[in-house]
Amino acid sequence: MARRLSHEEGILVGGSSGTATAAALRVAKNMTKDDVIVVILPDGGRGYLSKMFSDDWMRENGFMPAPGLTYYVSDLFKRKVAHSRIPEMIVLRPSDTIQKAIDLMEEYQIDQLPVVSEDGQNVGSINDIIAMQVVYERKHPESVQVTQVMGRAFPQFEQTSEIDQVYKAFRLGSAMVVITENGKAIGVLTKYDLMTHLQETIESGMAGKVTAKK
């Protein structure tokens, strides 16, 4: 977190300040917009320049991936955009019908879709189970709106988030995550995207080491 404060806010603080900020962010999730949180940052980062602010030190101590592995969601997302055969984000609007969801699932051979509002907000989700229930209950999918039956929104992460956060979301059971830029949805990532990306970067890193030895 101390590195994030330096990277994103331009505040050079130490590890204790990073811990305090991380705790404050957890507390903030249960607060309202009218609440005020005061966080004391007890140490500066000058004494850590050769440690946690050093990429080499972070890698040596297992806090960062080895060279060649990406660290931020933006790297993973860029790779998907460059290599994927389908659009980076296939979405439904709340006012769309379940029939449209079924059509999109069939066209792209997928089983889940994020629901995104006109202003780019991640507001819900539709999967094949929901679509199946609509059909099974003899409802007309062409007349049932997404907003009537949609499930909870998928977890979302800014492009500046660390890949570890996405990995944790997948381990907790999320099938998909929504990637945002300034709070607006711009794409999605799946477990397959993460797995493929890491596998390719690890293999390319190993190939580079072999070439260097030769």
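Read-outs: derived from the displayed coordinates by stated rules, not from any lab. The structure displayed is predicted, hence computed values, not measured ones. No Cβ is skipped: glycine too gets one built from the backbone with ideal geometry, and neighbour counts run over all protein chains shown.
The table below lists the values:
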read-out	value
Share antiparallel - DSSP beta bridges, the chain, percent rounded to 5	80
For the chain, calculated [θ]222 nm from helices alone, where every DSSP H run of n ≥ 4 adds -39500 (n - 2.57)	-12500 deg cm²/dmol
With Cα atoms, 0 to 90° folded angle of helix 73-83 axis to the chain main axis	50
R0 of 25 Å, Cβ-Cβ distance residue 40-residue 7: FRET efficiency to nearest 0.05	0.75
Charge sum, other residues only, whose C-beta stays under 14 Å from residue 180's C-beta, Lys/Arg counted +1 and Asp/Glu -1	-3
Segment 71-187, relative contact order in percent, only Cα pairs under 8 angstrom and at least six apart counted	31
Kirkwood Rh in Å, taken over all unlike Cα pairs in segment 78-181	14.5
GNM flexibility winner over the chain from 129, 98, 163 (Cα, springs under 10 Å)	129
Counting DSSP beta bridges with both ends in segment 73-197, the antiparallel % (nearest 5)	75
Sequence of 108, 136 once ranked by neighbouring C-beta atoms within 10 Å, starting from the fewest	136, 108
Peptides ranked, highest mean first, by Cβ atoms within 10 Å: ranges 168-174, 42-48	42-48, 168-174
